[in-house]
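Notes follow the structure.
The values are calculated or read from the model by the stated rules, or taken from the named source; none is laboratory data. Remember, it's a predicted structure, so these values are computed and weren't measured experimentally. Ideal geometry is used to build each Cβ from the backbone, glycine not excepted, and the neighbour counts take in all protein chains shown. Note: accessible area is taken over every heavy atom of the protein model, side chains too, but ligands, DNA and RNA are not part of it. Shrake-Rupley method; radii C 1.70, N 1.55, O 1.52, S 1.80 Å.
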Protein chains: 2
Amino acid sequence: MTTQKLMKDSYLLEEQVGFILRQVSQRHAALFMARMGEDITPMQWAAMAKLHEVGPTSQNLLGRMTAMDAATIKGVADRLMKREFIGTTSDALDARRRLIALTDEGRAFVLKHYDAAFEISRETVAPLDPDECKTFIRLLEKLR
Amino acid sequence: MTTQKLMKDSYLLEEQVGFILRQVSQRHAALFMARMGEDITPMQWAAMAKLHEVGPTSQNLLGRMTAMDAATIKGVADRLMKREFIGTTSDALDARRRLIALTDEGRAFVLKHYDAAFEISRETVAPLDPDECKTFIRLLEKLR
DNA sequence: GTCAGATCATTTGCATACAAACAAACGAGG
DNA sequence: CCTCGTTTGTTTGTATGCAAATGATCTGAC
């Protein structure tokens, strides 16, 4: 008889999935900053890319589509508004809503940075070969 | 002759690895909050777990070991100090350094929450079967 | 020994994040 | 038509997260 199974492994921070996730996110953010950091932040880009994808929407809905809560999307929208990348219109059907839409300048910005955005995604998974990449994305999607 | 390869896929936010990474991190944070949110934040836990692992260290070094920059670890350390989970001693060999160490209360806190911390890591990868989990961790580590 | 370059800790400024609380407006059921 | 339970947008407060600048200190090359 040994003490097998009675002894638990130590809790090593480096081995915890949450910690590794954080480091990978940090690396992704660094890649983003290197390519587009002069021009825009990751969250502001996400909001504009989604707006470009789906067209005008309410602020809260845009937040839900970009995984930002109401308080967070408010700040992001305010900063995009200040730069005149987006504009608002009142909704005739719902007095609470403000429709958010890309301005011409905002649309031009998205198109100009389209390739860089693709490249950031590619760089992020560059350490993986194509098969590994497919597997990784598939498993990652199961965890969201 | 067709136009194959001339047409690029659209940039869909949902498909970008950075966006999925963010959602998985959000889910992990939610699991953390559900289990330990009343007691501590993820970053404060990371700092204490690392201190428990390696013993007393300087603030900057602790930051490096927990993937926090100097400004971030400062705030985390201040809040842990206020709760008296950690304490500081001056370093006889280097007047710039302040050695940070767990207090008895801090050490007791870590031990008390050890199991919950393990459980959070397990829950995070629960949607994967054991083989998938091994593969996922292995690939994730290649991206950090 | 001294001095330039590195390290440690701190501070400021800006940009997320999210819980909690609110007022205004909507919508369905009675 | 009224009311109760949502939804929308906003604000406040706390906690990261990181760039950049600063002052104090250390360290290695000369």
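Quick grid of which residues meet (1) closer than 30 Å to B:Leu111 by Cβ; (2) of a type in the set (Val, Ile, Thr); (3) out of contact with any Phe, Trp or Tyr (no Cβ under 6 Å at 6 or more places or on another chain):
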| site | (1), (2), (3) |
| --- | --- |
| A:Ile20 | yes, yes, yes |
| A:Met33 | no, no, yes |
| A:Leu62 | no, no, yes |
| A:Thr66 | no, yes, yes |
| A:Ala95 | no, no, yes |
| A:Asp115 | no, no, yes |
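Against the condition open to solvent by 50 Å² or more (accessible area, probe 1.4 Å) and under 20 Å from B:Ser10 (Cβ atoms), how does A:Pro42 come out, does it pass?
no
Taking the criterion of being of a type in the set (A, V, I, L, M), over 21 Å from B:His28 (Cα atoms) and touching a residue at least 40 places away in the same chain (Cβ under 8 Å), would at least one residue in the range A:58-77 satisfy it?
So far as the range A:58-77 goes, no, none of its residues is of a type in the set (A, V, I, L, M), over 21 Å from B:His28 (Cα atoms) and touching a residue at least 40 places away in the same chain (Cβ under 8 Å).
Residue by residue through the range A:62-103, note down the ones that are within 14 Å of chain B (Cβ to nearest Cβ) and open to solvent by 60 Å² or more (accessible area, probe 1.4 Å).
Selection gives A:Arg64, A:Asp69, A:Thr72.
For B:Lys82, only one of the following conditions fails: (1) in contact with a helix residue (DSSP H, G or I) (Cβ under 9 Å, 6 or more places away or on another chain); (2) over 30 Å from A:Val24 (Cβ atoms); (3) without any contact (Cβ under 8 Å) to a residue 12 or more places away in the chain. What is its number?
The one condition B:Lys82 does not meet is (1).
Given the options B:Asp131, B:Asp69, B:Asp78, name the one that is within 13 Å of DNA strand C (Cβ to nearest atom) and under 30 Å from A:Ile137 (Cβ atoms).
B:Asp69
Sort out which residues of the range B:54-100 are more than 10 Å from DNA strand D (Cβ to nearest atom), of a type in the set (D, E, K, R) and under 21 Å from A:Leu12 (Cα atoms), and write them in order of number.
B:Arg64
Within the range B:104-144, how many residues are outside any helix (DSSP H, G or I) and either open to solvent by 40 Å² or more (accessible area, probe 1.4 Å) or aromatic (Phe, Trp, Tyr) (or both)?
So the answer is 4.
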